[in-house]
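Laboratory data are not the source of any read-out in this text; all were calculated from the coordinates shown. Being a predicted model, the structure only gives us computed values, none of them experimental. With ideal geometry, Cβ positions are generated from the backbone for all residues, glycine too; neighbour counts draw on all protein chains shown.
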Amino acid sequence: MTRPPAGVPLQVVQILRRVWADKTIQPRVKTFAWRLLRLALGTASRVHRIISAINENCSRCGNLEDEKHLFFECSYARAVWFASSIGLRTDALSSSGRGIHTQIATILQQGQSQASAGMIFSIMWCLWKSRNDHRFNNKDWPIARVLHEAKAIDRAYDMGLEEDAISDHNHRIIPNANCVNTGATFPTNEHMQEGPRIFCDASVGLQETSPGRIQTGVGIFILTQPACSLSSAFFFSGGNITGFGTLGG
Ligand SMILES: [Zn+2]
């Protein structure tokens, strides 16, 4: 394993190494875990720093939406964790300001029943998908759906049913989402190497938002050293540039 980049908390490195080494976790869940822990997820508060017109608050409860809120503090997330097979009470987790990795590490270390890294990150990924559907499509997933999908994702890979779906990065229809992935580029197992990282993601809506207009979005994330932070991004919508911004890297 190559030397981890400077400025990344040791706990983050340890969790990512554990996730990457776990052959029972789907590559797309690993990619999500990487984006989450390397602070590259487009939470409302992060995107708001780039485009001030974007509401920085949680679409469910109106509180500031950062990773901690989204995955552990929002009442919706708390209900999901409590109803899960882990039976986790997130209010019992440390709420120190050191980042979401401290909470994740606590869950992993507590030896909670059935709290595999695969299940934990599958739940978090489904919370993220549920959040996107709520925020962008105004759809409210029942808590049972989040847990059902997380369980299916975790089990499906064990059963070797996902090989075709994840064999490439091209034009994969996202289940239960009203859009088509246009070919995101993902980090590989070289995630720990030093140097800047650039990620692209894009989606195209399947329904016209108004006559002749289909919503599209493109994001470019650049992670620079030593800061593990987003340094710039572009956003497009309906063929027109609706936002552009840069954060100091
Ligand atoms: Zn909330």
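Between the beta carbons of Arg89 and Asp140, assuming R0 = 30 Å, the FRET efficiency works out to 0.85 to the nearest 0.05.
Note on Ser59/Gln109: beta-carbon distance plugged into 1/(1 + (r/R0)^6) with R0 of 22 Å gives a FRET efficiency of 0.10. Residue separation of Ser116 and Ala79 scaled by 0.36 nm, minus their Cα-Cα distance, works out to 11.4 nm of gained length. In this structure, the amide hydrogen of Asn57, modeled 1.01 Å from its nitrogen in the peptide plane, lies closer than 5 angstrom to those of Glu65, counting only residues at least 5 positions away or on a different chain. Note on Lys151 and Gln11: with the Förster distance fixed at 35 Å, the Cβ-Cβ geometry gives a FRET efficiency of about 0.85.
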